[in-house]
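See below for the structure under consideration.
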Amino acid sequence: MELKVEGDSILTLRGLPWRLVRLQFRHPAEERVHQHNYPMATDLVYQGPDGQTAVVSVPMQLGSTNAFITRIWTHMPLDVQDSVRLPQPVLSVDELLPQDRRYYQYAGSITQPPCTEGVLRIVMKTPVNVGPAQLRMLQRVSPPNARPVQASNGRLVREAQ
């Protein structure tokens, strides 16, 4: 499931402005952190000034209800053909990200066909909570939608402090 974002939610990466273009909700999470699998992740997909793509993945663990998810899912489409505009003031990515902003990064791909390579993948080290009812809602409206964990195949994974 994904939500398209309109407006200017900007992230500075590598000294350049990248614009948030969509949010994707995955269950289970596609990345493992220290061999730990998470039941869900929210991916923030950014477009760079030259058309490049970066994905910031926020792993989610079962815990308390997530206020960001509650606010965003109020605008969730009700079926495949439904399209809902997400009002810009609703979206504050800072509310989703963990307080600990350390992350891993690697060169990867988009995880759905055509699996385009050359994507900057950023995975937050620290998960955030998602409520059990929130996870169940995602599971009801979307089948499992994560690509299985892939071998690193010699990719360099950098740790940012």
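The values are calculated or read from the model by the stated rules, or taken from the named source; none is laboratory data. On a predicted model such as this, the values are computed, not experimentally measured, just so you know. For neighbour counting, all protein chains shown are included, and Cβ atoms are generated from backbone atoms with ideal geometry for every residue, glycine included. The area values use the complete protein model at the heavy-atom level, side chains included, leaving out ligands, DNA and RNA. Shrake-Rupley method; radii C 1.70, N 1.55, O 1.52, S 1.80 Å.
State the antiparallel share, in %, of DSSP beta bridges confined to the chain, rounding to the nearest 5.
DSSP beta bridges in the chain are roughly 80 percent antiparallel.
Report, in whole Å, the centroid distance computed from the Cα atoms of the range 1-41 and the range 126-146.
If we compute the Cα centre of each part, the gap is 15 Å.
Go through the range 135-140 residue by residue and turn each phi into a ³J(HN,Hα) via Karplus (6.51, -1.76, 1.60, θ = phi - 60°); whole Hz please, and just put x for glycine and proline.
5, 4, 4, 4, 5, 6
In the range 3-38, which trypsin sites (Lys or Arg not before Pro) fall in coil by DSSP and have 14 or fewer other Cβ atoms within 10 Å?
Numbers: sites: K4, R14, R19, R22, R26, R32; in loops: R14, R32.
Hits after loop and neighbour filter: R14, R32.
Rounded to the nearest 500, what is the chain's calculated 222 nm mean residue ellipticity when only DSSP H runs of at least 4 contribute -39500 (n - 2.57) each, over all residues?
-3000 deg cm²/dmol
Please report, as a whole percent, how much of the solvent-accessible surface of the chain comes from carbon and sulfur atoms (probe radius 1.4 Å).
After summing per-atom areas, the C and S share lands at 52 percent.
Please label the shape of the range 95-161 as rounded, prolate or oblate, based on the square roots a ≥ b ≥ c of the eigenvalues of the alpha-carbon gyration tensor (a/c under 1.5 means rounded; beyond that, a/b larger than b/c means prolate, else oblate). Numbers along the way, then the final one.
Numbers: a/c = 2.62, a/b = 1.23, b/c = 2.14.
Taking the square roots of the gyration eigenvalues as a ≥ b ≥ c, the range 95-161 is oblate.
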